[in-house]
Amino acid sequence: MVEAPSPLPHQNDTYEFCIILPPRINSAGIWENLAYPSTMLTYSLPLLEMQIVMIFVSSHLIYAILKPLGITLFASQIIAGLFLGPPIMGKLNAFRNIFYRREFGVEMIDAVSVFGFTLFIFLTGVKMDVKMAFNSTKKSVVIGIISLLSPIVVGIVLHKTFNEHKRMNDVIKTERIVGTLIESTTSFSVIACVLTELKIINSELGRLALSSASVGDLSTLFLVQIISLSQDWATSPLLALQRVLVAFLFITVLFFVFRPMMFWIIKKTPEGEPIEEVYIVAILMVAIGCAIFTHWTQQAPLIGAFLFGLAVPDGPPLGSTLINKFECFVNGIFLAVYITASAMRVNPRKMVSNPPRVKFSIISFFLTFLAKFISCFIASFVSFMPFRDSLAFGLIMSSKGVVELAYFTTFRDNWVISEATFSVAVFAILVNATVIPLLVRFLYDPVSRKYAGYKRRNLMHLKPDAELRVLACIHWPENVSAMIDLLDLTCPMKESPNVIYALHLIELM
């Protein structure tokens, strides 16, 4: 119940909200009120479960329909969010009672989705090898930095061009700067998801893209911190120094206290045995605690979870165990809820009501995309990469995904960017996530060229006195004796010897 008394003398409205304490969480099921089974939806937990089920079913149903066309799961989840949003399904009373209840509607699903996205960012940090960025080749470093700077330069030029004709207020300037920075990012997790979806993550092109994306991701993090510190310094130099000190201590504790502790856990675990559950739960709780700590220091909570993920030793047994235990649940449930709930915020009416912002946003998103694509294409083509591969590489490095969607959603919720700009950004991300995978599949086919160099290299074309080169793959020690017996059957001689390349197979985690 909401009561709205008459305004006070100073024209301030006072609203009284009546809430139930303790909150209604668990229901007695449909048997609680047979005449009105929907009564169970007045409890928070059944309502949350109903929201998750509807999001999961709608997104996967749309994906099943669009998958033969080459549409990715991420794009299908955005389409599901647009379908479930206020312009379409939100007009139905029954649907509004599920997602837009006055007591706990969108706020509850938003809280759950943000928690899940924090875990996703933590797992991204776990999968990311920091040494990959620091040990990258010169080509990867150049491409990673160019992919960040070129859209920023184009965004600045575009901002100056539009600023000449009309004096803008600080709100619009901030919105345009934020939009340019988001469009300039090159997210490691987004690139990895695109490469996994295209099944080329272990190809030569995929490895170069991951290496360049890791450089671009860390460069973006560094640039954002520099901009934030410069703003704090302009406000209060003492506050800026305090935040630098806190950030330095936080990173020091992560990499010189928690990381050695996790190596101790690995050393304590017997070889071949899984990590104990108590350690897994403790690491997960510390990740959530790091997110809370960075939020308490007025930084983005995702930064804390991501940095702690970087401190976790990647690969088996610890990093791979965390990924195996949580990735399926986080990506399959929480991430889908976050993407769909973010897309449900889109309001096409705001786009029509604010044409100037929409016009600038469309031009800005298109030109920054071209700047990133052309710069990455030229940098790779100059490095003697084939023309079609360079085009595919430029498209991959220009991909947008859940990280950019999260940035726009956060700034929209904090009223940094308008609803019109947010709506345009979501549609731009949807077009990007739909078109780029289709074009990359057309341009880059690793299967057709996989064995191109081995067409006439077989037993039939060997010279009589040539050596026989054999790749002996061994998984377990028990395979060695059987492999030796098999090699003896080839009857190697001095005139035609065998050359054995022994490869110890280890599961890639």
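The values are calculated or read from the model by the stated rules, or taken from the named source; none is laboratory data. It should be emphasised that the depicted structure is a prediction, and the values quoted were computed from it without experimental measurement. Neighbour counts are summed over all protein chains in view; Cβ atoms, including those assigned to glycine, are modelled from backbone coordinates with ideal geometry. Note: accessible area is taken over every heavy atom of the protein model, side chains too, but ligands, DNA and RNA are not part of it. Shrake-Rupley method; radii C 1.70, N 1.55, O 1.52, S 1.80 Å.
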For residue 77, net neighbour charge (Lys/Arg +1, Asp/Glu -1) across residues whose Cβ lies under 13 Å away = 0
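In Å², and per residue, what accessible area does region 267-407 have when probed at 1.4 Å with the other protein chains present?
Numbers: 6420 Å² over 141 residues.
For region 267-407, the solvent-accessible area averages 46 Å² per residue.
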query = If you place +1 on the Cβ of every Lys and Arg, -1 on the Cβ of every Asp and Glu, and leave all else neutral, what size is the dipole of region 458-504 about its Cα centre, to the nearest 20 Debye?
reply = 160
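Do any of 138/199; 138/372; 91/350; 127/372; 350/400; 139/372 go past 20 Å between their Cα atoms, and which?
Details: 138/199 26 Å; 138/372 18 Å; 91/350 17 Å; 127/372 25 Å; 350/400 23 Å; 139/372 16 Å.
Over 20 Å Cα-Cα: 138/199; 127/372; 350/400.
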key: Rule-of-thumb Rg ratio for region 300-375 [Cα; 2.2 N^0.38 Å; N residues]   = 1.68
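Which value, in Å to one decimal place, does the Kirkwood hydrodynamic radius take for region 458-504 when every pair of different Cα atoms is included?
It is 11.7 Å.
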inquiry  = Tell me the net charge near residue 266. Cut-off is 13 Å between Cβ atoms, residue 266 excluded, with +1 for each Lys or Arg and -1 for each Asp or Glu.
reply    = -1
query = Accessible area per residue of region 458-504 at 1.4 Å probe, in Å²?
reply = 85
note = If the chain between residue 157 and residue 207 were fully extended at 0.36 nm per residue, the gain over the current Cα-Cα distance would be 14.7 nm
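I'd like to compare 282-291, 303-312, 353-362: which one has the highest average count of other Cβ atoms within 10 Å, and what's the full order after that? Provide the component values of the computation, followed by the final result.
Numbers: 282-291: 18.9, 303-312: 24.2, 353-362: 16.0.
Going from most to least packed, we get 303-312, 282-291, 353-362.
Roughly to the nearest percent, how much of the accessible area of region 458-504 is carbon and sulfur, given a 1.4 Å probe?
Numbers: 2680 of 4010 Å².
Taking all protein chains in place, region 458-504 shows 67 percent carbon and sulfur surface.
What's the FRET efficiency of residue 431 with residue 251 using the Cβ-Cβ distance as r and R₀ = 35 Å, to the nearest 0.05?
Values: r = 37 Å, r/R0 = 1.07.
According to the calculation, E is roughly 0.40.
What ranking, highest mean first, results for peptides 488-500, 172-184 when packing means the other Cβ atoms within 10 Å averaged over each residue?
On the way: 488-500: 10.8, 172-184: 20.2.
Listed from highest to lowest mean packing, they are 172-184, 488-500.
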remark   = At the level of C-alpha centres, the distance separating region 266-339 and region 168-193, in angstrom, is 27
Positive-end extreme of charge dipole, region 180-318 - chosen from 275, 233, 257 (charges on Cβ) = 233
ask   = Taking one equal scatterer on every alpha-carbon of region 223-336, how large is log10 of I(q)/I(0) by Debye at q = 0.12, 0.13, 0.16, 0.18 1/Å?
value = -0.52, -0.60, -0.81, -0.95
Under-5 Å amide H pairs with residue 468, H placed in peptide plane, nonlocal only = 498, 499
request  = Set Lys and Arg Cβ to +1 and Asp and Glu Cβ to -1, take the dipole of region 458-504 about its Cα centre, and tell me which of 493, 479, 466 lies farthest positive.
outcome  = 466
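Express the carbon and sulfur contribution to the solvent-accessible surface of region 152-283 as a percent, rounded to the nearest whole number, probe 1.4 angstrom.
Values: 5340 of 7850 Å².
Answer for region 152-283: carbon and sulfur cover 68 percent of the accessible area.
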